[in-house]
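Derivation of every value follows stated rules applied to the coordinates shown; laboratory data play no part. Only a predicted model underlies this, so the values are computations on that prediction, with no experimental measurement involved. Cβ atoms come from the backbone with ideal geometry, glycine included; neighbour counts cover every protein chain shown.
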Amino acid sequence: MSRHPQVKWAQRPDVVYLTVQLPDAKSSKVNLDPEGIFTFSATAGPESHAYELKLELFDKINVEESKINIGVRNIFCVLEKSEKKWWNKLLRGDEKAPHYVKVDWDKWVDEDDDNDTAAPGDFDMNSMDFSKFGDMGGMGLGDDAMGDDLDDSDDEEEEVTEPSETAEGEPKEQNSKVGGEAAEGKAEATPSS
């Protein structure tokens with residue numbers, strides 16, 4: 001009986017990224033049909049278990065422009081789509097994707113966020129207008145969003161009130177002075193019965 005390797009996928013308008021995760025695969029065979037049929041077989045593990053995979057992709061593939069790299073830990077495929085468009089899902093049919101097929105979030109880009117010039121993980125800060133950050137228009141914060149009650153000094157001294165117990169086990173208020181100024185409010189300790 002053959003097993004299924006884990007598969008991760010992501011897409012762009014022109015390509016599909018497939019990563020077959022199978023460390024130490026031996027005798028790896030990958031076949032790609034122009035109709036969108038992807039097949040894979042290999043053996044792996046100390047007992048040389050057989051692994052097989054057949055995926056009927058959502059649409060057709062340009063086999064000549066696709067690239068496959070068989071590595072030690074995984075098989076990485078860049079499959080060129082025959083038409084430059086976003087697919088609704090990886091596999092054709094109405095069934096849910098098998099449990100061994102997962103989204104590759106490291107390579108994933110949403111259709112709305114697609115920028116053909118940016119590589120995965122790139123962030124274009126040149127298009128941001130930093131002059132608007134001070135304005136914060138429409139947020140109701142006004143000119144001084146932080147208010148005037150914050151001082152620059154962290155060195156201010158204040159009095160901290162801590163409860164402590166008396167010999168009878170009753171809590172009693174004890175003042176512990178941290179600095180020269182007294183705190184405006186004091187917490188009262190109440191005995192618990």
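Which number comes out as Rg/Rh for segment 1-88 once both Rg and the Kirkwood Rh are worked out on C-alpha atoms?
Answer for segment 1-88: 0.99.
R0 = 25 Å: FRET efficiency of residue 109 with residue 83, Cβ-based, nearest 0.05?
On the way: r = 18 Å, r/R0 = 0.72.
Efficiency computed from Cβ-Cβ geometry: 0.85.
With a ≥ b ≥ c taken as the square roots of the eigenvalues of the C-alpha gyration tensor of segment 32-74, please select rounded if a/c is under 1.5 and otherwise prolate if a/b is larger than b/c or oblate if it is not?
On the way: a/c = 3.92, a/b = 1.90, b/c = 2.07.
Oblate.
Taking amide hydrogens as modeled 1.01 Å from N in the peptide plane, which residues meet the under 5 Å criterion relative to residue 104, leaving out close sequence neighbours?
When sequence neighbours closer than 5 places are left aside, the close amide H contacts are 9, 10.
In debye, nearest 20: dipole of segment 29-71 around its Cα centre with unit charges on the Cβ of K, R (+) and D, E (-)?
Values: 4 positive and 8 negative charges, 28 e Å.
The dipole magnitude comes to about 140 debye.
Expected output is a single nm value to one decimal: the length gained when fully extending between residue 49 and residue 64, i.e. 0.36 nm times separation in residues minus the C-alpha distance. What is it?
On the way: separation 15, 0.36 × 15 = 5.40 nm, distance 3.10 nm.
Full-extension gain reported as 2.3 nm.
For segment 69-92 and segment 23-58, what is the centre-to-centre distance using only Cα atoms, to the nearest Å?
Taking the Cα centre of segment 23-58 as reference, the centre of segment 69-92 is 14 Å away.
Using packing as a proxy for protection, rank 91-98, 27-34, 53-60, 16-23 so that the peptide with the highest average count of other Cβ atoms within 10 Å comes first. List each step's numbers first, then the result.
Details: 91-98: 11.4, 27-34: 14.1, 53-60: 16.9, 16-23: 21.1.
With the highest mean Cβ count within 10 Å placed first, the list reads 16-23, 53-60, 27-34, 91-98.
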